[in-house]
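Novice: Handing you a structure now.
The values are calculated or read from the model by the stated rules, or taken from the named source; none is laboratory data. On a predicted model such as this, the values are computed, not experimentally measured, just so you know. FYI the Cβ positions are ideal-geometry reconstructions off the backbone, even for glycines, and counts take in every protein chain you see. Ligands, DNA and RNA are excluded from the accessible area calculation, which covers all protein heavy atoms including side chains. Shrake-Rupley method; radii C 1.70, N 1.55, O 1.52, S 1.80 Å.
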Amino acid sequence: MIWRGLLFLAATGTCIAYVLAPAAQGFAVGESARIIFFHVPPAMLCTLFFLWAAVMGIRYLLTRNTSFDHRCLAAVEIGFLLCFLATVTGMIFARQQWGAYWQWDARQTSILIQLLIYAAYFALRFAFVSAERAAANSAAYATFAFLTVPFLIWILPRLPQIQKFSLHGGANEAVIGGGLDASYRMVLYPTLIVILFVAAWAYRLRVREAELTHTLEEMDALASSGGDTADSRVVRPVRIHDAD
Amino acid sequence: MKSDWTAETFAVLRKEAITELRGRYGLYATLLFSVMAVTAIGLASASTEPSPALAAGMFWVALLFAAVTGLARTFLLEEEQGTGDLLRLWAKPGPVFWGKLIYNFVLILVVSVILVPLFVLFVGVSVANWGLLVVALLAGCAALSSGISVCGALAARARGRSVLTGVLSIPVLFSVVLLGVGAVSVAFGALVAGGWPSVAGLAGISLVFLAAGPYLFAGVWKQ
Amino acid sequence: MIEAKGLGKRFGPRWVFRRVEFRLACGSALVVTGPNGSGKSTLLKIAAGLEAPSEGSVESAITDYRSDIGYSALDLNLYPTLTGREHLQLAARMRGADARADELLLRAGLTDAGDKLTGAYSTGMRARLRLALAIQTSPRLLILDEPGASMDEEGKSLVESIVQEQRAHGALLLATNDAAERRFAEYEIRLDG
């Protein structure tokens, strides 16, 4: 309970800081630079959740324990949401800063590819009738998908055919490396932590919801098959009598 | 132990080759598909002389779609015709994955070898650096075949498996396509840097896919 | 040999069966009966390791499933562009076993059809080839899903001789609703659906 209160206070503080932060210099519309508080943290954190999904996917494949499947699913869902937020805030900012929502610059390209890769996770997951098959295949896909993420983050932006479109380089320097850093960092890092906690909280709730649904499904099915709980319904071999 | 593994992999590879040659429709359709793709690209760009970078992009789009339609078949067909359980009963996952992967690699290599002269003839590109092109195609085909083999294996037992294979493999292979375009555009004579580094990237992705692929396949094969 | 503990299988929200328990020793046979859709085939697939159970577990003394398990079922399709002999050879290469192609084709009454593509086989011939493949390695556990279905008299006696032979050296798990085949075993598991 206490940590929830603290989280609320921290979130409120972040919102106030968001308003009080000075307008950025070196931007087309200085005020618009504020959106990076809600753009950079989701972009960074979605990768963290995708990594977590891959770890949970591997653990599911090794143990076949359903609770790892629930975690893998929840991590992909939260990661996907963060990735989507980063894409949308990025588009709004790009419109303000460079005049167009979409420019195919390196970061935009790589985040769009991540979004598509993880959108496919849901398509795969819901294409199976058997829950065991759905769990195993989507766990393997979550692992496989993450193998391309380091490439998208570190190598793709350095490719010459991509670099000539790059817009982020300048913006990142102005905000993170440049003169504005002191005041912006003081808001950005706490925001990052607050969003991390909110996302982790949502993740935990989602995992719990999935576990409860799973239990409920087992009980529901139990009720429909007679509502028995005792061992009396165990199906065992019986001797065949020739008279039958 | 090692020789067993090789013999089993070779048995799977042999089975793929025999069924393909007797059935024929898969190989033929894939090759024809790539010819159609070049024709479409040639028609679309008939009025202009495409730049090396644009030609490389078109080349990779043709190769990607030929791969997605042609390579996943080795995995999808087993489940479509209900023979997947035979392999699950007879073989270990490793040899099945490697046998099918090697078959796929050879198939897409054949497609790319056919695509290059077609591009030279109909799209009007000229190859400036043959060495780079050959190495880029080898590394690119390794990356394409390993990536699609994993995605095909994951989608093989799902509903709507053939559409799903495309949905899974195309975004995963965007990285491969970007690197491939980087390398092939230099080979086609684009005056930019990054030809060989792109090839190194392709080789790196192939190695990552090949290292993870057999384990992921083993994880989903018997479910 | 093989022991099933609390097996259950669910497709979506529907449980096909739950809490199935059995133990099968070498030299014994167990028959699974029940109406269509009661999960007989699914239970056999789980025992063969082709399908994962939704709950429970199968424990067995089997070390290499490729040679220790023989399995035949109606939905186990053959490669239409391979011949009967090629099936036996391919299976042997993957299993690391002896093909015994001539012997098994003779036993299954397929000597003349051995070099024909299975796409040209009749339903009964395909069923015989599946049986030949299942017993290729003299498996410790033989799993047969309705082996006599679509078989003629000769085929049915083939099934019977295979069953007798299997019980001499291993265990047998059989799904059937055929009264004659039911008598191959002393114990039965009845799935009600």
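Novice: Measure nothing but the geometry: give the 0 to 90° angle between the long axis through the Cα atoms of B:161-187 and the longest principal axis through the Cα atoms of chain B, rounded to 10°.
Specialist: Taking the Cα atoms of chain B, the angle to B:161-187 is about 40 degrees.
Novice: Turning to a different aspect of this structure: Taking springs between alpha-carbon atoms closer than 10 angstrom, which of B:Trp196, B:Trp90, B:Trp98 fluctuates most in the Gaussian network model of chain B?
Specialist: B:Trp90
Novice: So, by mean Cβ neighbours within 10 angstrom, what's the order for C:4-13, C:67-76 with the highest one leading?
Specialist: C:67-76, C:4-13
Novice: Ranked by accessible surface with a 1.4 Å probe, highest first, in what order do C:Asp64, C:Asp98 come?
Specialist: Working: C:Asp64 35, C:Asp98 110 Å².
Solvent-accessible surface, decreasing: C:Asp98, C:Asp64.
Novice: With each pseudo-label sitting 7 Å past Cα toward Cβ, what's the A:Arg95-C:Arg190 distance in nm, one decimal?
Specialist: Rounded to a tenth, the inter-label distance reads 7.0 nm.
Novice: Right, something else. Connecting C-alpha atoms closer than 10 Å in a GNM of chain B, tell me which of B:Thr74, B:Thr165, B:Thr83 has the biggest fluctuation.
Specialist: Most flexible of the set in this elastic network: B:Thr83.
Novice: Moving on to the next point. How would you classify region B:137-177 from its alpha-carbon gyration tensor, with a ≥ b ≥ c the square roots of the eigenvalues: rounded for a/c under 1.5, else prolate if a/b is greater than b/c, otherwise oblate?
Specialist: Since a/c reaches 1.5 and a/b is larger than b/c, the shape of region B:137-177 is classed as prolate.
Novice: Past the 26 Å Cα-Cα mark, which pairs from C:Lys5/C:Lys40; B:Lys92/C:Lys156; B:Lys100/C:Lys9; B:Lys222/C:Lys9?
Specialist: The answer is B:Lys92/C:Lys156; B:Lys100/C:Lys9.
Novice: Another one. Sum -39500 (n - 2.57) across every DSSP H segment of at least 4 residues in chain C, then divide by the residue count to get the 222 nm mean residue ellipticity, nearest 500.
Specialist: After summing the helix terms and dividing by residue count, I get -9500 deg cm²/dmol.
Novice: Continuing with this model, one more query. What residues have an amide H closer than 5 Å to that of C:Val32, excluding those fewer than 5 places away on the same chain, when H is modeled at 1.01 Å from N in the peptide plane?
Specialist: C:Leu174, C:Ala175, C:Thr176, C:Ile189
Novice: Assuming a ≥ b ≥ c are the square roots of the Cα gyration tensor eigenvalues, decide whether the protein assembly as shown counts as rounded (a/c under 1.5), prolate (otherwise, with a/b larger than b/c) or oblate. Let's see the in-between values first.
Specialist: Numbers: a/c = 3.22, a/b = 1.49, b/c = 2.16.
Oblate, since a/c reaches 1.5 and b/c is not below a/b.
Novice: What does the charge count around A:Val238 come to, taking other residues whose C-beta lies under 9 Å from its C-beta (Lys +1, Arg +1, Asp -1, Glu -1)?
Specialist: Once positives and negatives cancel, what remains is +2.
Novice: What aspartates and glutamates could a cross-link reach from C:Lys116, if we take a straight Cα to Cα line under 16 Å and drop same-chain neighbours fewer than 8 places away?
Specialist: C:Glu86, C:Asp102
Novice: Then there's this: C plus B alone minus the pair: what accessible area, both sides summed, probe 1.4 Å, in Å² to 100?
Specialist: For chain C against chain B, roughly 2500 Å² becomes buried.
Novice: Would you mind counting up the charge near C:Pro35? Only other residues with Cβ under 11 Å from its Cβ, with Lys and Arg at +1 and Asp and Glu at -1. Write down the numbers at each step before the final one.
Specialist: Values: positive: C:Lys40, C:Arg190; negative: C:Asp192.
In short, +1.
Novice: A further question follows. Write down the Å³ per residue value for the convex hull defined by the alpha carbon atoms of region A:38-220.
Specialist: Per-residue hull volume (Cα only) is 121 Å³.
Novice: When you count, for each residue, the other Cβ atoms within 10 Å and take the mean per peptide, how do B:173-179, A:203-209, B:53-59 rank with the highest first? Walk me through the numbers on the way to the answer.
Specialist: Values: B:173-179: 24.9, A:203-209: 14.7, B:53-59: 22.9.
Highest to lowest by the protection proxy: B:173-179, B:53-59, A:203-209.
Novice: Just tell me how shielded B:79-88 is by partners: mean number of partner chain Cβ atoms within 10 Å of each residue's Cβ, no decimals.
Specialist: Across the residues of B:79-88, the mean count of other-chain Cβ atoms within 10 Å is 5.
Novice: If you don't mind, another one. Give a residue-ordered list of calculated ³J(HN,Hα) values for region A:34-40 (Karplus: 6.51 cos²θ - 1.76 cosθ + 1.60, θ = phi - 60°; whole Hz; x for Gly, Pro).
Specialist: So the J values, rounded to whole Hz, are 4, 4, 4, 4, 10, 10, 5.
Novice: Residue by residue through B:212-218, how many Cβ atoms from other chains fall within 10 Å of the Cβ on average? Don't skip to the answer; put the middle values down first.
Specialist: On the way: counts 6, 3, 0, 5, 11, 1, 2.
The shielding value for this peptide is 4.
Novice: Now for a separate question. What's the extension gain from B:Thr39 to B:Arg159 if we count 0.36 nm per residue and subtract their Cα-Cα distance?
Specialist: Result: 39.9 nm gained on full extension.
Novice: Using a 1.4 Å probe over the heavy atoms of the protein chains, calculate the carbon and sulfur portion of the accessible area of region A:38-220 as a whole percent. Don't skip to the end; give the middle numbers.
Specialist: Details: 5650 of 8210 Å².
Looking at region A:38-220 in its full context, I get 69 percent from C and S.
Novice: Whenever you get a sec, compute what percent of the accessible area on chain B sits on carbon and sulfur atoms (1.4 Å probe).
Specialist: Here it works out to 74 percent.
Novice: Further, regarding this structure: Which residue, B:Thr48, B:Thr69, B:Thr39, has the most motion in a Gaussian network model of chain B that connects Cα atoms within less than 10 Å?
Specialist: B:Thr48
Novice: A follow-up question, please. Counting only protein heavy atoms, what percent of the accessible surface of region C:95-193 is carbon or sulfur at a 1.4 Å probe? Write down the numbers at each step before the final one.
Specialist: On the way: 2030 of 4260 Å².
For region C:95-193, the apolar C and S fraction of the accessible surface comes to 48 percent.
Novice: Moving on. Rolling a 1.4 angstrom probe over the protein heavy atoms, how many square angstrom per residue are accessible across region B:128-223?
Specialist: On the way: 2940 Å² over 96 residues.
In whole numbers, region B:128-223 has 31 Å² accessible per residue.
Novice: Taking K and R as +1 and D and E as -1, what net charge do the other residues with C-beta under 11 Å from the C-beta of C:Asp68 add up to?
Specialist: Cβ neighbours under 11 Å give a net charge of +2.
Novice: Separate question: Using θ = phi - 60° and the Karplus curve 6.51 cos²θ - 1.76 cosθ + 1.60, what whole-Hz ³J(HN,Hα) does each residue of region A:87-100 get, with Gly and Pro shown as x?
Specialist: Each residue's phi maps through the Karplus curve to give 5, 5, 4, x, 5, 4, 5, 4, 5, 5, 7, 10, x, 9 Hz.
Novice: Using +1 at the Cβ of each Lys and Arg and -1 at the Cβ of each Asp and Glu in region A:38-220, identify which of A:Ala94, A:Phe80, A:Phe49 lies farthest towards the dipole's positive end.
Specialist: Selected residue: A:Ala94.
Novice: Using amide H atoms built in the peptide plane, which far-off residues or other-chain residues are under 5 Å from C:Phe17 H to H?
Specialist: The answer is C:Lys9.
Novice: Using alpha carbon centroids, what distance separates region C:1-68 and region B:115-173, in Å?
Specialist: Answer, in whole Å: 41.
Novice: Explain nothing, just compute: Karplus ³J(HN,Hα) = 6.51 cos²θ - 1.76 cosθ + 1.60, θ = phi - 60°, for every residue of region B:112-127 in order, whole Hz, x for Gly and Pro.
Specialist: Values, residue by residue: 5, 5, 6, 5, 4, x, 4, 5, 4, 6, 9, 9, x, 8, 10, 8 Hz.
Novice: Would you mind classifying region B:2-221 by shape? Square roots of the alpha carbon gyration tensor eigenvalues, ordered a ≥ b ≥ c; an a/c under 1.5 is rounded, otherwise it is prolate if a/b is larger than b/c and oblate if not.
Specialist: Working: a/c = 2.13, a/b = 1.70, b/c = 1.25.
Prolate is the answer for region B:2-221, as a/c is 1.5 or above and a/b outweighs b/c.
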